[in-house]
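These notes are about the structure you will find just below.
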């Protein structure tokens with residue numbers, strides 16, 4: 001897109017400074033191999049634990065980051081959990097979500113008071129629900145991907161964000177989570193946006209005092225479903 | 001912004017006398033510094049991760065041309081556009097061109113230090129486009145028409161009373177008698193005001209903490225979520241970034257991200273870490289129609305392979321300034337341009353020249369804390385020393401300093417004379433200062449005693465004490 005010489009100007013300056021050749025096959029191979037193997041570097045031991053311990057770590061860490069976490073024995077339990085949470089927080093009994101299969105298989109009519117809207121986020125939304133594809137227990141970090149299943153705007157526009165995650169997709173490290181995404185999207189492929197979310201929005205820009213709800217959700221509620 | 005690093009000394013003197021600035025800076029020790037120490041203690045692998053992060057970046061820099069080509073290939077394949085910008089002017093032209101073609105009136109902005117570096121706001125305004133900063137700190141300083149004073153906490157120099165006064169002055173459509181005492185009330189007001197801007201913007205501009213060659217993704221880290229609203233709502237997303245941000249793989253990115261937040265705010269991981277790849281895909285209900293990346297050089301290729309090469313590993317965490325006694329005393333504005341503190345003292349002369357920024361590498365006690373905490377293990381004091389040498393070689397050093405340095409060098413080469421003179425001076429000073437234990441003023445030491453007392457020596461030189469101790473052990 002840039003004017004033709006600019007690209008060569010920058011690349012040429014790099015090669016002059018490094019005293020290298022852009023066609024050096026050994027260098028090219030090094031780069032190709034590194035991308036192809038995408039080997040993990042050091043992964044902290046913290047997340048390298050069994051499944052039950054991982055879930056415990058995930059919950060503790062998220063709660064430490066001001067998120068609210070609850071567990072659902074099955075998809076059937078989710079409507080009640082959502083309804084109770086909204087009631088407890090004095091929020092309207094309606095939410096917006098995308099078309100994720102997991103959300104489609106939740107029997108929402110079990111809580112008839114709940115109204116579900118679908119589509120991307122709009123300014124007036126108070127509550128949104130999305131499904132996290134995966135998580136790294138290491139820092140209580142969920143991986144959410146863009147698309148009509150879970151529009152990205154739902155993660156940021158509403159005051160309250162509810163994320164549903166399957167217990168078996170809670171992994172130890174970010175590296176594990178990326179590999180899970182590679183299985184879905186393919187090698188070297190990504191959806192438009194991958195949001196790693198570890199809590200509700202916050203800022204400390206005024207006198208280093210932490211305030212929740214800077215621009216994104218003030219509340220993050222995570223429902224782990226077995 | 002136009003640099004005013006030449007007046008560092010005057011800036012620093014004024015900063016020391018600025019009571020509200022001193023109050024604001026006082027929070028760094030119990031905030032960023034204490035939190036980093038906690039985060040480091042909580043992760044046994046932290047020091048090893050620093051080594052690995054450094055290795056990742058060194059590998060990426062050694063193959064920078066090839067990783068940038070790979071990165072560009074993937075951005076293009078995902079439907080995005082890469083604009084190469086050898087200079088700040090090239091970057092601005094590319095951005096303004098995109099804005100003009102889109103007929104943009106307002107632009108929301110996530111935090112971008114490269115955006116500050118190329119003074120993009122001034123140029124957008126010049127073209128009749130309104131830039132709106134959305135990071136709370138950046139918004140606060142935009143209201144005051146000030147540059148950031150810290151690379152991750154741009155408004156760290158402000159107190160909440162100053163913010164309240166600004167909000168009352170600028171947000172005139174809100175009732176004047178509203179309560180704005182607590183940070184939470186100020187944040188809520190900024191949220192409401194900026195929400196309108198997010199929804200109205202034609203273009204969103206963000207920076208990038210990292211670029212990934214494997215996937216053609218740009219990565220931002222935020223806690224507010226402003227960067228995300230900036231890029232998922234408008235029709236066009238522009239990423240302003242620089243060439244040294246590229247790393248090979250997602251795994252490599254994670255290694256660097258593991259040390260970034262811990263070193264910066266002391267968080268284990270930021271609230272939001274966002275990987276963006278191209279424009280929205282077919283069937284996506286939201287996201288931008290266009291995705292542009294501006295890849296800025298602006299002097300970086302000259303640093304590559306030079307004595308300042310190590311500085312290209314910098315990931316802009318701000319740990320060096322948080323731990324710097326000079327930064328903590330004078331704040332970021334004294335440095336006179338975009339990048340303050342130790343990293344700024346090395347980077348600024350590289351980007352705007354040693355003639356303009358010669359004071360900055362001298363604004364250091366060489367205590368070494370910056371290097372000790374730098375997650376990328378950049379030898380900042382050594383790099384500052386290189387600038388001091390260059391400055392001396394260029395003849396920019398004032399005559400008074402030169403004479404002093406010559407005198408010192410002569411003494412250092414004649415140890416007997418040195419020991420003889422200091423052997424006389426120390427007992428004399430000790431006698432003179434015996435009563436008070438310190439000096440309020442002293443000839444040739446006015447620069448020191450104007451701001452604080454000089455403790456009186458105890459009477460013996462270091463060499464003498466060393467010899468005595470040698471006999472004991």
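The numbers here are math on the coordinates, done by the rules we state, and not lab data. This one's a predicted model, so the numbers in the text were calculated from it and none came from an experiment. Note: ideal-geometry Cβ built from the backbone for every residue, glycine included; neighbour counts use all protein chains shown.
How much FRET efficiency would the formula 1/(1 + (r/R0)^6) give for residue A:88 and residue A:29, where r is the Cβ-Cβ distance and R0 is 60 Å, rounded to 0.05? Provide the component values of the computation, followed by the final result.
On the way: r = 58 Å, r/R0 = 0.97.
The calculated FRET efficiency here is 0.55.
How long, wide and thick is the protein assembly as shown, going by the Cα atoms along their three principal axes, in whole angstroms, largest first?
Computed over the Cα atoms, the extents are 93, 62, 60 Å.
Evaluate E = 1/(1 + (r/R0)^6) for residue B:466 and residue B:399, where r is the Cβ-Cβ distance and R0 equals 35 Å; express this FRET efficiency to the nearest 0.05.
On the way: r = 35 Å, r/R0 = 0.99.
Step by step, r from the Cβ atoms, then E = 0.50.
Which whole-number percent of Cα pairs in segment A:93-182 have a distance greater than 14 Å? Kindly include the intermediate steps, with their values, before the conclusion.
On the way: 2558 of 4005 pairs.
Tail of P(r) above 14 Å: 64 percent of Cα pairs.
Going by average Cβ density within 10 Å per residue, which order do the peptides A:187-200, B:429-442 take, highest to lowest? Please list the in-between numbers first.
Details: A:187-200: 23.9, B:429-442: 13.2.
The densest-packed peptide leads the list: A:187-200, B:429-442.
Evaluate peptide B:237-246: per residue, the Cβ atoms of other protein chains within 10 Å of its Cβ; return the mean as an integer.
Numbers: counts 2, 0, 0, 0, 0, 0, 4, 1, 0, 0.
Rounded to a whole number, the mean comes out at 1.
Can you compute the equivalent ellipsoid semi-axes for segment B:329-473, i.e. the square root of 5 times each eigenvalue of the Cα gyration tensor, sorted largest first and rounded to whole Å? Provide the component values of the computation, followed by the final result.
Details: eigenvalues 224, 69, 66 Å².
Equivalent ellipsoid of segment B:329-473: 33, 19, 18 Å, largest first.
Between residue B:105 and residue B:169, what FRET efficiency comes out of the Förster formula 1/(1 + (r/R0)^6) with R0 = 30 Å and r the beta carbon distance, rounded to 0.05? Please report the intermediate quantities before stating the final value.
Details: r = 24 Å, r/R0 = 0.81.
With a Förster radius of 30 Å, E is 0.80.
Using only atoms on other chains, find how many Cβ atoms lie within 10 Å of each Cβ of peptide B:229-236 and report the average. Walk me through the numbers on the way to the answer.
On the way: counts 9, 2, 4, 13, 7, 0, 0, 0.
Across B:229-236, the average partner-chain Cβ count within 10 Å equals 4.
Express the Stokes-Einstein translational diffusion coefficient of segment A:45-225 in µm² s⁻¹, to the nearest whole number, given a Kirkwood radius over alpha-carbon pairs, 10 °C and a viscosity of 1.306 mPa s.
Values: Rh = 16.6 Å.
Approximately 96 µm²/s, per Stokes-Einstein.
Compute the long axis of helix B:183-200 from its Cα atoms, compare it with the longest principal axis of the Cα atoms of chain B, and write down the angle in degrees, 0 to 90, nearest 10.
That helix lies at roughly 40 degrees to the long axis.
What does the structure give for A:140-148 when I average, per residue, the other chain Cβ atoms found within 10 Å of the residue Cβ?
Details: counts 2, 6, 0, 2, 1, 1, 9, 7, 5.
Mean partner shielding for this stretch: 4.
Ranking request for peptides B:176-186, A:165-175: highest mean number of other beta-carbon atoms within 10 Å first, then the rest in descending order.
A:165-175, B:176-186
Taking a quarter of the surface of the convex hull around the Cα atoms of segment A:3-74, what do you get in nm²? Don't jump to the answer; show the numbers that get you there.
On the way: hull surface 43.1 nm².
Hull-based average projected area comes out at 10.8 nm².
Semi-axes of the equivalent ellipsoid of segment B:309-411: what are they in whole Å, largest first, if each equals the square root of 5 times a C-alpha gyration tensor eigenvalue? Intermediate values should be presented prior to the final figure.
On the way: eigenvalues 111, 42, 35 Å².
Equivalent-ellipsoid dimensions as semi-axes: 24, 14, 13 Å.
For segment B:399-472, report the translational diffusion coefficient in µm²/s to the nearest whole number, using Stokes-Einstein at 37 °C, 0.692 mPa s, and a Kirkwood Rh over Cα pairs.
Values: Rh = 14.0 Å.
Translational D for this selection: 235 µm²/s.
Restricting to DSSP H runs of at least four residues, report the calculated mean residue ellipticity at 222 nm for chain A, -39500 (n - 2.57) per run over all residues, nearest 500 deg cm²/dmol.
Details: 6 runs with 69 residues, N = 226.
Result for chain A: -9500 deg cm²/dmol, rounded to the nearest 500.
If you project the alpha carbons of chain B onto the principal axes, what extent comes out on each, in Å, largest first?
83, 59, 45
Please list, short to long, the whole-number percent of alpha-carbon pairs of segment B:423-464 in consecutive 5 angstrom bins beginning at zero.
Taking all Cα pairs of segment B:423-464, the binned fractions are 6, 27, 27, 23, 14, 3, 0 percent.
Angle, helix A:25-37 long axis vs. longest principal axis of chain A, Cα atoms, 0 to 90°, nearest 10?
That works out to roughly 10 degrees.
Quick one: of the DSSP bridges fully inside the protein assembly as shown, what percent are antiparallel, nearest 5? Intermediate results must be reported in sequence, preceding the final value.
Working: 24 of 74 bridges.
Percent antiparallel among DSSP bridges in the protein assembly as shown is about 30.
Cα axis of helix B:380-393 to longest principal axis of chain B: angle in degrees, 0 to 90, nearest 10?
70
So for each of A:144-155, B:225-236, A:26-37 I average, over its residues, the number of other beta carbons within 10 Å; can you give me the resulting order with the highest mean first?
On the way: A:144-155: 25.0, B:225-236: 27.4, A:26-37: 14.6.
Listed from highest to lowest mean packing, they are B:225-236, A:144-155, A:26-37.
For segment B:43-298, what does the convex hull of the Cα positions come to per residue, in cubic angstrom?
On the way: hull volume 34.1 nm³, N = 256.
Considering the Cα atoms of segment B:43-298, their hull volume per residue is 133 Å³.
Please give the calculated 222 nm ellipticity per residue for chain B, where each DSSP H segment of at least 4 residues contributes -39500 (n - 2.57) and the sum is spread over every residue; nearest 500 deg cm²/dmol? Show your work: numbers first, answer last.
Values: 24 runs with 240 residues, N = 473.
That calculation yields -15000 deg cm²/dmol at 222 nm.
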